[in-house]
Amino acid sequence: TSKLVLAITQGGAAVLPKLLASPAAATMLLDAAVIQGQEALNHYVGANIESANCEDTARKLAVAAYHRGVRLLKDQRPPHSVGVACVYPASTPTITPQQVCFGGNALIAVHSADCTMIASKSMGDHSSGSEPRGANQAAADKEEHLLRFLLDALLRFGISLPPELHPSPPDSTQT
């Protein structure tokens with residue numbers, strides 16, 4: 001079985017505790033890092049990154065996560081590591097707005113020994129109904145939507161997930 005190494009930029013950090021709330025995640029997740037700020041991003045990928053939220057950054061983060069997994073699994077032959085990047089801008093970024101190139105899109109990049117795949121999704125307003133929602137509920141909705149997008153992307157990219165981690169469709173009974 002492949003072990004996942006997850007690199008998440010600061011705006012996607014809330015998915016980590018949600019993911020780890022599942023005991024099944026422990027069987028798959030080898031390592032996770034939350035990348036806070038430009039210096040940390042540059043250090044993690046081993047190069048200067050021009051933009052904090054674009055496909056090139058997501059790809060570089062996934063490749064760096066993959067190589068971290070290979071190092072951590074060095075005694076396993078072959079080391080079955082999969083690098084996963086979740087790139088999403090924070091609402092109060094430590095990275096300047098000029099460096100953000102994808103606005104409110106989330107990017108998921110998955111890198112294995114033989115390929116890299118990227119998915120992008122708008123993370124606009126996902127509330128339903130016409131009643132105003134509180135800021136806390138809106139943030140929780142975005143976190144849940146981002147987690148579903150991450151899990152769905154892993155499945156689409158051929159990563160086997162335990163059944164309890166399969167994303168459920170959004171609750172259509174909300175008003």
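The values are calculated or read from the model by the stated rules, or taken from the named source; none is laboratory data. Just so you know, these numbers come straight off a predicted model, no measurement behind them. Cβ: placed from backbone, ideal geometry, glycine included. Neighbour counts: every protein chain shown. Quick note on the areas: whole protein, heavy atoms, side chains included, nothing else; ligands and nucleic acids left out. Shrake-Rupley method; radii C 1.70, N 1.55, O 1.52, S 1.80 Å.
By the rule of a C-alpha distance below 24 Å, with chain neighbours fewer than 8 residues away ignored, the lysines paired with Lys3 are Lys18, Lys60, Lys74. Here each label is just a point 7 Å from Cα along the line to Cβ, and for Asp114 and Asp56 those points are 2.9 nm apart. In this simple spin-label model, placing a label point 7 Å from the Cα along the Cα-to-Cβ direction at both His80 and Leu155 gives a separation of 2.0 nm. When you filter the trypsin sites (Lys or Arg not before Pro) in segment 1-90 for DSSP loop state and at most 15 other Cβ atoms inside 10 Å of their Cβ, you are left with Lys74. Normalising by residue count, segment 1-87 has a Cα convex hull of 82 Å³ per residue. Ordered by solvent-accessible area of protein heavy atoms (1.4 Å probe), largest first, the residues Glu39, Glu164 come out as Glu39, Glu164.
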